[in-house]
Ligand code: ADP
Ligand code: MG
């Protein structure tokens, strides 16, 4: 049965999509079958793993709003054992359209049931908001992985995120857990980074991963080539740290 992880933080630009793609590839290289769900209308996970959005016929919108079978929307990527349900700009309408529909919070959970035995991990790249798309992701997930940018306002907004987690636990998914908190874009040249790490560890304790993702230009370059950091520059620091993260995730899940 697939272990389903939402990669979530309602702040934009904290490393959600980068983490989704690179963790997916590292988990696949460790022998797992991985499905990425792109749940952001920007479709950055889709293009970042090499799918041309203009070629997409069915996407996550069709699964959520029109309830098509999810298998019709799954595409293979260039990386072995990594599949994706892509997103295109039509997803931008889903928040509003879902609001008027029955059992709207359960759409992704119900859709995923058909493929739970086909994958070991499902990673959901969440949008930068706490609306219906994130609630669908949290309702469908075993856990959420929270990337936190190593900057001064790192903790800002996290209480809102945790409130949403509590609401989803109360109403739709009592077993939703925190998979882990990941410090991203760490800059060793500033003192600020070290302060932020301490602050985040004080708040989240041992739920913070030992692995810290540094700022690494190779990580920022890879998406424009439509590949993960592992395929773009396997010797880079960025590739190393995402492999370390994957080991921590696997160990936490008994692998
Ligand atoms: P989100 O999905 O949370 O909006 P992204 O993963 O898209 O965030 O990251 C935002 C931007 O920062 C992207 O341009 C990405 O390539 C870049 N980026 C992400 N992580 C790093 C990193 N560790 N070092 C340098 N650039 C990064
Ligand atoms: Mg993103």
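Throughout, read-outs are computed from the coordinates displayed, never taken from laboratory work. A quick note: this is a predicted structure, and the numbers were derived from the prediction, not measured. Note that each Cβ is placed from the backbone with ideal geometry, even for glycine, and that neighbours are counted across all protein chains shown.
A few points about this structure:
- Sorted by Cβ density within 10 Å, fewest first, the residues 126, 26: 26, 126
- Helical mean residue ellipticity (222 nm; -39500 (n - 2.57) per DSSP H run of 4+; nearest 500) of the chain: -11000 deg cm²/dmol
- For region 1-32 and region 48-114, distance of Cα centres in Å: 16 Å
- Eigenvalues of the alpha-carbon gyration tensor of region 37-82, scaled by 5 and square-rooted, set the equivalent ellipsoid semi-axes at 17, 13, 9 angstrom, largest first.
- Take every pair of alpha-carbon atoms less than 8 Å apart whose residues are at least six positions apart; their mean separation over the length of the chain yields a relative contact order of 26 percent.
- Taking a point 7 Å from the Cα of residue 210 along the Cα-to-Cβ direction, the residues of region 223-255 with backbone N closer than 17 Å to it are 240-255.
- Kirkwood Rh and Cα Rg combined as Rg/Rh, region 65-208: 1.01
- Length gained when the stretch residue 110-residue 96 is fully extended (0.36 nm per residue, less Cα-Cα span): 3.1 nm
- Shape index of the chain: Rg/Rh, with Rg the Cα radius of gyration and Rh the Kirkwood radius from the inverse mean 1/r over Cα pairs, equals 0.94.
- Among 233, 187, 66: highest mean-square fluctuation, GNM of the chain, C-alpha pairs under 10 Å: 66
- Figure legend: label point modelled 7 angstrom from the Cα of residue 187 along Cα→Cβ; residues of region 195-237 with amide N under 13 Å from it are 215-217.
- Counted over all Cα-Cα pairs of region 160-240, pairs farther apart than 14 Å make up 71 percent.
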